[in-house]
Amino acid sequence: MRFPSGNTRPTTFARALTVAALMAALNLLSGCGPSAPPEDLAEQYLRLSGVDEQVEGTLEAIQNSMVQNFQQSGAPPEAKPVFDKYMAEVEPLMQSVMSWENTKSDYVGIVEESFTPEELQELVKFYDSPVGQKVSTEMPNLLRKAGELSRQRFEEVRPQMDQLTETMMNDVRAVIAERQGGAAK
């Protein structure tokens, strides 16, 4: 093998070139090396963290809710073709503005505003790990349970909160009445 200097021993330039080529190849293989554009890292993070599936799930939930609302509306069976025609127009409309493919760039922009490329690399690395995947899978469950816990805790103090609210409103009414009475004098 001949190197740029014409001899058979690698020069410093040749070694540096070889190292650079190896690093570039590793970056391409990893898919999220330092040379990956931030928008690619943001999209990879969104996919690994399950945001793409959540967006599609939300769209599906809205459509299912519309079907369920129609079914519970008490509309006669003869109205079903009208609803089906309506849904045939609504579904593509909703897809055009709410699907992952049509909102992805918006989500990528939001993520890019919030994280540096280096932070995005770390997020991709984390969410690509087994623990990151578990966080992605379990987070909706954790948030639901946390919401339920908050509601339960609030219900424990609701009677006291209602009483305090009533007392406050009575005090406010008294201030207003006193002010109005003082203005009439």
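Compute the label zone of VAL131 within the range 39-71: residues whose backbone N is under 17 Å from the point 7 Å along Cα-to-Cβ.
It comes to 49, nothing else.
When the dipole is taken about the Cα centre of the range 37-127, and only Lys, Arg (+1) and Asp, Glu (-1) are charged at their Cβ, what size is it in debye, to the nearest 20?
480
Say each of SER99 and SER150 gets a label point 7 Å from the Cα, pointing the same way as Cα to Cβ; how far apart are those two points in nm?
Taking the two extended label points, one gets 3.3 nm.
Do me a favour and compute the ellipsoid semi-axes for the range 124-185 from its Cα gyration tensor, root of five times each eigenvalue, largest one first, whole Å.
52, 15, 5
Starting from 0 in steps of 5 Å, tell me what percent of the Cα-Cα pairs of the range 37-127 lands in each bin.
3, 13, 19, 16, 12, 10, 8, 7, 6, 4, 2, 0
For the range 88-145, state what percent of all Cα-Cα pairs lands in each successive 10 Å bin, counting from 0 Å until the bin that includes the largest distance.
19, 29, 38, 13, 1
I need to check one value: relative contact order of the range 37-127, counting alpha carbon pairs closer than 8 Å and at least 6 residues apart, in percent.
On the way: 48 pairs, mean separation 56.5, N = 91.
RCO, the range 37-127: 62 percent.
All of the numbers you see were taken from the coordinates with simple rules; none came from a lab. Values in this document were obtained by computation on a predicted structure and should not be read as measured data. Reconstructed Cβ throughout: ideal geometry from the backbone, glycine too, with neighbour counts over all protein chains shown.
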